[in-house]
Amino acid sequence: MKTKEYRMTFDEKARKIVDQLTLEQKVSLMAGNIDVTELKESDIMELVMGTDEGAHYNVTPYEAGGLDEHGVPPMKFCDGPRGVVCGNDQTTCFPVSMARGATFNPALEEEIGHAIGKEVRAFGGNLFAGVCINMPYNPGWGRSQETYGEETYQIGRMGASLVKGVQSEDIMACVKHFAFNDMENARFKVSVTCDQRTEQEVYLPHFKDCIDAGAASIMSSYNRYNGVQCGHHKYLLSQVLKKEWGFDGFVMSDFCWGVLDTVEAANGGQDMEMLWTQYFGKRLVQAVKDGFVPESRIDDAATRIVRTILAFDEGHKEYDMSVVGSKEHIALAKRAAEEAITLVKNENVLPLDKSIKKIAVVGKLADAAVIGDHGSSWVRPPYVITPLQGIKNLVPNAEILYSDGSDFEEVKKIAEEAEAVIYVVGYDHDDEGEFISDDTTDNYTGAIGGDRKKGLGLHDEDVKLLQETGSVNEKSVVVLIGGNMIMMTDWIDKVNSVLMAYYPGMEGGNALAEILFGDVNPSGKLPFVVPVKEEDLPKVDWEATDQYYEYYHGYTRLDKNGVKPLVPYGFGLSYTTFSIEAPSASVEGDELVTKVKVTNTGDRDGAEVVQLYVGFENSAVDRPVRQLRGFEKVFLKTGESKEVTVKTPLEKLKYYNPVDRQWVLEHIEYPVYLGSSEALEDLVETKIKL
């Protein structure tokens, strides 16, 4: 992998090249290669989207900069994160990041990074902008399907793994959106505020984890933080990112409207205006000549861009189109879906017997190719296996009674006839995703996606469907499709089994069927908490111009308020059972090292995620009741035992002192918990004194 240390060996070469350049040449490196300063908006979008048949956003890599005469290739941008956005009916569509977060398997995520990196290179790209690690303050955020969960530690681990995998294929990984980008409808106008402990402990650590893993690029966000545009934010981009964290790569803006002022953006630390040249280019050259932007700032940006691109271009790996949508990558997408799908409830229903003769399948989403939103993360695979098709593939001799769920009497009738009923309900790209508005002040046309403004539960008609028909058949299974937490309180008692399938990718239907019928033992864990009431979560005004983020959200908020969730964070059932016992904790060097004995006590092979939580009840400051600070996935055959070691850096136990601007490790006794979910009844406890 082309680490920071390796990249810095190109520093002298990059500086020599930059020293030879004119001001105009240096500035030309700092923006997308579409000059829109004199174009109409209709012409701009035509250039961006293309006019040929099959054209769409990022159908080919977008280029920025490049100086052939000086041996500097352009940056060639490919979006993500559920695969490569380029091409038509070709690329591998993995489960969305939220689903991959549910695997709690960083090694698997690194494998996915390798596959994506290869496909980017096959399309001629050299940068993958699909490491999305924003943390949802509230699960209603429309794009939360693009991140890994609600917990900063888990997001950081998974994002860092994707970075490593992508960059091992000599592709620059771009981490986005820096920072506080957790609202979709208001993303162009909202200013987020929070206190410094919240900033440092909750919303920035996962970005630092990806920088520490060697990420080559960062994308700034559209929103404002403390009143300042994030694409112009000197504190975030120059102070925190470049100075405090030692980031050696380059910052690019979110596309088209991430830079709104030439001088403020350049002086704030923005290195590259994307997707086009509007506020940089000629305007930036003039700003330097007029003395508003020092040329040293241009030199720094140009050096960062040249240094990084040269490092990744030197001896880079080559792949042709045979890797795109290859059998190996599709098999990996299927495995990711298998490890992601989470069994939330099971009252002697699953797995179903494959000798079943008659199955009722209910819900319009059962027969829909639902793979996630239709914004910038939209991947076009060669095919998508729907839940209905997956069931037909696995049990071809069974009679399938299908209803879209709109006629409740029809559903009751087929539920009475069938041996089991499978409901497939939830969301699609119209319900949540990147916000595409018909309001031109939001810079888009159309009307899809956005935040879940109507609430966090199922659509009213689906709630009524489950309430009125869920009890007809004693073998009733609900499969939830969606990008984040879906409320279950109103209907969960009416059905016998619940699976969270997220948006499971192109092979999702096959993976789901294998879990339903027991060919695969589920091992996914919820990367979010499911509350009893929406009011247990932070309140967000999705159209706000100002939004305050509190220190607590998700499971830490419920714990602090003494509220029991409907389903705890990290929870997921299996078709086997596990015992977790004999916990121990010690300090080795700069790490907390915990160990626990895990035994598969059931009659099926399976996997368990051992989760490490650290408590802070003895802290001198207000801290969470307990926080996830480590996890390891272990695969065990029936009857097998293993000692599982879960480590975490002592850095992850510190709190931030805003007065001294320092991280503090308290020398106190810490409760240490190990187990299968965040709930106390699923944890065994030990203690350690630091």
| message | Report the number of Lys pairs in region 610-683 whose alpha-carbons are under 24 Å apart, with separation of 8 or more residues or on distinct chains. | response | 4
| query | Helix 152-167: angle to the longest alpha-carbon principal axis of the chain, degrees 0 to 90, nearest 10? | reply | 60
| Which three extents, in whole angstrom, do the alpha-carbon atoms of region 84-203 cover along their principal axes, largest first? | 43, 29, 22
| task | May I ask you to list the lysines whose Cα is less than 18 Å away from that of Lys413, ignoring any residue fewer than eight positions away on the same chain? | result | Lys357, Lys358, Lys364, Lys464, Lys475, Lys494
| request: Please state, as a whole number in µm²/s, the translational diffusion coefficient that the Stokes-Einstein equation yields for region 401-525 at 37 °C and 0.692 mPa s, with Rh defined as the Kirkwood radius across alpha carbon pairs. | output: 205
| request: Using Cα positions and a limit of under 30 Å, work out the lysines in reach of Lys282, with same-chain residues fewer than 8 apart set aside. | output: Lys13, Lys16, Lys26, Lys40, Lys76, Lys176, Lys189, Lys234, Lys242, Lys243
| query | Just the accessible area for Arg629, please: 1.4 Å probe, Å², rounded to the nearest 10? | reply | 20
| query | For region 232-388, what percent of Cα pairs sit more than 26 Å apart? | reply | 56
| said: Please give the charge dipole size of region 599-686, origin at the Cα centre, charges +1 on K and R Cβ atoms and -1 on D and E Cβ atoms. Round to the nearest 20 debye. | reply: 360
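What is the dipole size for region 52-167, taken about its Cα centre, with +1 at each Lys and Arg Cβ and -1 at each Asp and Glu Cβ, in debye to the nearest 20?
360
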| Share of the chain's accessible area from carbon and sulfur, percent, 1.4 Å? | 46
| Net charge near Pro95, counting Lys/Arg +1 and Asp/Glu -1 over other residues with Cβ under 12 Å of its Cβ? | -1
| Excluding Val306 itself, what net charge comes from residues whose Cβ is under 14 Å from its Cβ, given Lys and Arg +1 and Asp and Glu -1? | -4
| region 255-316: translational diffusion in µm²/s, Stokes-Einstein, Kirkwood Rh over Cα pairs, 20 °C, 1.002 mPa s | 174
| said: Given axes a ≥ b ≥ c from the Cα gyration tensor, I'd like to know whether region 333-471 is rounded (a/c under 1.5), prolate (a/b larger than b/c) or oblate. | reply: prolate
| Difference of contour (0.36 nm per residue) and Cα-Cα distance, Ala55 to Asp195 | 46.0 nm
| note | For region 532-621, shape from the Cα gyration tensor axes a ≥ b ≥ c, cut at a/c of 1.5 then a/b versus b/c, turns out oblate
| Computed P(r) (all Cα pairs; region 320-363; 5 Å bins; percent) | 5, 14, 13, 16, 18, 13, 9, 7, 4, 1
| Total formal charge among the other residues, if their Cβ is under 13 angstrom from that of Val495, Lys/Arg +1 and Asp/Glu -1 | -3
| field | Leading residue at positive end of dipole, region 285-407 (Cβ point charges), from Val288, Ser355, Ile309 | value | Ser355
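For the chain, what is the percent of antiparallel DSSP beta bridges, rounded to the nearest 5?
Within the chain, antiparallel bridges account for around 60 percent of the total.
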| field | Calculated P(r) of the chain - Cα pairs past 45 Å, % | value | 19
| Of Gly258, Trp245, Leu162, farthest towards positive along the dipole that unit charges on Lys, Arg, Asp, Glu beta carbons give region 160-287 | Gly258
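What's the extension gain from Asn393 to Glu685 if we count 0.36 nm per residue and subtract their Cα-Cα distance?
Once the chain is fully extended between Asn393 and Glu685, it gains 100.6 nm.
Given the convex hull over the Cα atoms of region 584-639, what projected area results after averaging over all orientations, in nm²? Present the calculation step by step, with values, prior to reporting the outcome.
Values: hull surface 20.6 nm².
That works out to 5.1 nm², a quarter of the Cα hull's surface.
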| request: Against the globular-protein guess of 2.2 N^0.38 Å, express the Cα radius of gyration of region 471-617 as a ratio, rounded to two decimals. | output: 1.27
| note | With every protein chain kept in place and a 1.4 Å probe, the residues Glu669, Glu591 fall, from largest accessible area down, as Glu669, Glu591
| task | Would you rank Trp663, Trp491 by solvent-accessible area, highest first, keeping every protein chain in place and using a 1.4 Å probe? | result | Trp663, Trp491
| task | Please work out the C-alpha center-to-center distance from region 390-418 to region 50-96 and express it in whole Å. | result | 41
| request: For region 507-653, calculate the relative contact order in percent as a whole number, restricting contacts to Cα pairs under 8 Å that are 6 or more residues apart. | output: 22
| message | Quick check for me: using +1 on Lys/Arg Cβ and -1 on Asp/Glu Cβ, what's the dipole size of the chain about its Cα centre, in debye to the nearest 20? | response | 1500
| request: Give the accessible surface of the chain per residue, rounded to a whole number of Å², with probe radius 1.4 Å and ligands, DNA and RNA excluded. | output: 35
| task | Convert 4 °C to kelvin, take the viscosity as 1.567 mPa s, use the Kirkwood radius over C-alpha pairs of region 173-273 as Rh, and evaluate the Stokes-Einstein diffusion coefficient in µm²/s, rounded to a whole number. | result | 98
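The values are calculated or read from the model by the stated rules, or taken from the named source; none is laboratory data. Keep in mind that this is a model prediction, so the values were computed, not measured. Note that we place each Cβ from the backbone using ideal geometry, even for glycine, and neighbour counts take in every protein chain shown. To get the accessible areas, we keep the full protein, side chains included, count just its heavy atoms, and leave off ligands, DNA and RNA. Shrake-Rupley method; radii C 1.70, N 1.55, O 1.52, S 1.80 Å.
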